[in-house]
Amino acid sequence: MRFEDYHAVYRRKTSLSKKLYSRSKQVFAGGINHNIRYFSPYPFYVRRAAKNALFDVDGNRFTDYWMGHWALILGHSHPAIVSALCKQAKSGVLFGTANAVSVNLAEAIQSLMPRAELMRFSSTGSEATMYAVRLARAATGRRVIAKVIGGWHGFNTTLLQTVNYPFEYEESLGMVQEEEHFLESLPFNDLDRSLKILESRKDDLAGIIIEPVLGAGGCIPATSEYLVGLQEFAKKNSSMYILDEIVTGFRLSIHGAMSIYKLEPDLFTLGKIIGGGMPIGLVCGRKEIMSLADPILREQKFKRCSIGGGTFSANPATMSAGLATLQYLKANREKLYTKINGLGEQARKKISAIFNDSKFNVKVTGTGSLFMPHFLEAKASDDNKAVDNALSVATSNQELLNKYHMALMAKYNIFFLPGKMGCFSEAHNAGDLKRLIYATESIVASDLGRE
Ligand SMILES: Cc1ncc(COP(=O)(O)O)c(C=O)c1O
């Protein structure tokens with residue numbers, strides 16, 4: 001089957017979604033509520049989800065590897081979370097006041113990640129990284145924040161630079177050039193060049209923010225040398241070292257990527273998993289820094305670093321879902337992480353092997369339960385080309401990757417958000433992996449192979 005034909009198959013099985021997309025375009029810019037959720041010819045519309053699957057309005061069942069932007073480590077509608085949410089809904093979903101369950105969740109996080117000496121909940125990861133930047137500037141009295149090229153920390157203004165290729169162009173209209181001057185971008189995984197850039201801005205360097213695994217930027221783990229090297233520079237320079245663990249926290253291990261890489265961030269951010277599928281963000285870290293946000297100690301606003309919350313921060317519904325998730329993770333950690341990390345490792349190995357035996361030059365990146373294939377150019381010329389930064393991801397063959405993902409979706413009912421990394425959850429099993437491998441083999445043999 002040719003790829004044009006996959007679109008035809010997809011269209012045939014998603015006619016109600018097509019109608020919904022037409023309506024969506026009348027009410028949402030581009031028909032969507034998150035830029036990455038659009039894919040060609042139009043996204044399918046989900047009616048319900050359970051365990052490892054999405055069920056769309058046309059009655060299709062898709063095995064889900066997108067898993068709510070990688071947030072759903074226990075799968076869709078896990079009974080422990082459903083029960084916690086139902087119970088909470090009966091006694092209120094938004095108090096707009098202090099509540100006990102937020103303290104319980106914070107204590108659960110602190111017991112597993114003791115570097116969270118003090119914390120503050122928000123409703124999104126974008127807010128959490130925005131507050132981390134403000135805290136770093138408040139703590140140091142400096143202005144410049146360094147991030148890596150391809151690093152994604154949400155839609156907050158300061159960090160909305162060098163996210164998408166071509167990296168030298170502005171990410172958005174509406175940005176103020178003077179403000180952009182206070183952000184410095186570093187070449188991911190290239191310590192020597194990064195240190196030179198940091199050295200040139202060191203007097204005004206408030207902090208360095210980095211994801212331990214470049215997530216949205218292409219599922220590329222940072223090297224330990226790189227993460228430690230940046231940390232050493234930050235500490236020596238009295239700048240804040242900020243780890244963005246919004247994807248990796250409670251996914252790579254129950255103690256976060258920081259325990260795997262043995263890092264000691266001054267501040268770090270969490271989100272996704274800690275909300276159990278409900279909206280959340282968290283900024284946390286050293287007491288001395290987080291105390292700058294203490295409105296009791298620092299009554300006068302000009303002596304305080306003002307950070308949110310917001311209307312929905314620490315709402316009891318999110319807190320209950322998050323607490324149920326962490327309790328489940330804690331009680332089942334050995335089995336659960338062994339399972340999802342094992343499935344991830346097998347997926348990387350087996351998908352690599354299939355492509356190694358084909359005419360395609362594909363590198364599969366990832367770590368733990370995260371994985372993503374990258375189609376490189378012709379096999380002979382760059383067989384050994386590494387995929388180790390966002391530039392190598394962005395200049396790989398995105399069209400082929402999208403076609404592979406569309407083929408999985410149209411013919412095999414396997415869903416990856418086209419072009420994005422996939423993940424395993426507790427709700428996946430060896431049978432899912434087997435079907436993914438079988439589908440990939442078939443697509444490579446009979447379909448991609450003819451492209
Ligand atoms: C590493 C990282 N930081 C921050 C964010 C932003 O989180 P949110 O989408 O909840 O605003 C994301 C979202 O994908 C992320 O992957």
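The values are calculated or read from the model by the stated rules, or taken from the named source; none is laboratory data. Treat the numbers as computed from the prediction; the structure is a model and nothing was measured. Cβ coordinates were reconstructed from backbone atoms using ideal geometry, including for glycine residues, and neighbour counts include every protein chain displayed. Heavy atoms of the whole protein, side chains included, go into the accessibility calculation; ligands, DNA and RNA do not. Shrake-Rupley method; radii C 1.70, N 1.55, O 1.52, S 1.80 Å.
Tabulated data for the structure shown
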item: Net charge dipole size for the range 79-331 [Lys, Arg +1 and Asp, Glu -1 on Cβ; Debye, nearest 20]; result: 880 debye
item: Percent of Cα-Cα distances greater than 22 Å, calculated over the range 79-331; result: 53 percent
item: Cβ crowding within 10 Å averaged over residues, with 92-105, 293-306 ranked highest first; result: 92-105, 293-306
item: Per-residue SASA entry for L16, accessible area with 1.4 Å probe, Å² rounded to 10; result: 80 Å²
item: Shape parameters for the range 219-261, alpha-carbon atoms, Rg then Dmax in Å; result: 11.1, 31
item: Accessible surface ranking that places the most exposed of E399, E211 first, with a 1.4 angstrom probe; result: E399, E211
item: Mean separation of Cα contacts under 8 Å (6+ apart) over length of the chain, as relative contact order %; result: 22 percent
item: Loop-located chymotrypsin sites (Phe, Trp or Tyr not before Pro) in the range 18-48, at most 13 other Cβ atoms within 10 Å (DSSP); result: F28
item: Share of carbon and sulfur in the accessible heavy-atom surface of the chain [1.4 Å probe, %]; result: 53 percent
item: Volume per residue that the Cα convex hull of the range 126-205 spans, once the total is divided by residue count, Å³; result: 96 Å³
item: Order of exposure, largest accessible area first, which applies to H255, H34, H428 with probe 1.4 Å; result: H255, H34, H428
item: Alpha-carbon centroid distance for the pair the range 228-251 / the range 1-28, whole angstrom; result: 43 Å
item: Lys, Arg +1 and Asp, Glu -1 on Cβ, resulting dipole of the chain about Cα centre, debye, nearest 20; result: 1520 debye
item: Positive-end extreme of charge dipole, the chain - chosen from G271, L195, T63 (charges on Cβ); result: T63
item: Cross-link pairs K13/K272; K196/K262; K90/K339; K25/K90 - those with Cα-Cα distance over 28 Å; result: K13/K272; K90/K339; K25/K90
item: For the chain, convex hull volume per residue from C-alpha positions, Å³; result: 149 Å³
item: Nearest-10 value in Å² for the accessible area of M372, using the 1.4 Å probe; result: 10 Å²
item: Per residue value of the accessible surface for the chain (all protein chains in place, 1.4 Å probe), Å²; result: 44 Å²
item: Probe 1.4 Å, all protein chains present, accessible-area order of M258, M175, largest first; result: M175, M258
item: Accessible area of W70 in the full protein assembly, 1.4 Å probe (Å², nearest 10); result: 10 Å²
item: Computed [θ] at 222 nm, deg cm²/dmol, the chain (DSSP H ≥ 4; -39,500 (n - 2.57); rounded to nearest 500); result: -12000 deg cm²/dmol
item: In the range 353-445, lysine pairs closer than 25 Å at Cα, eight or more apart or cross-chain; result: 22
item: Distance from the range 54-125 to the range 387-451 (C-alpha centre basis), Å; result: 28 Å
item: Packing rank of 351-358, 195-202, where each peptide gets the mean count of other beta carbons within 10 Å, highest leading; result: 351-358, 195-202
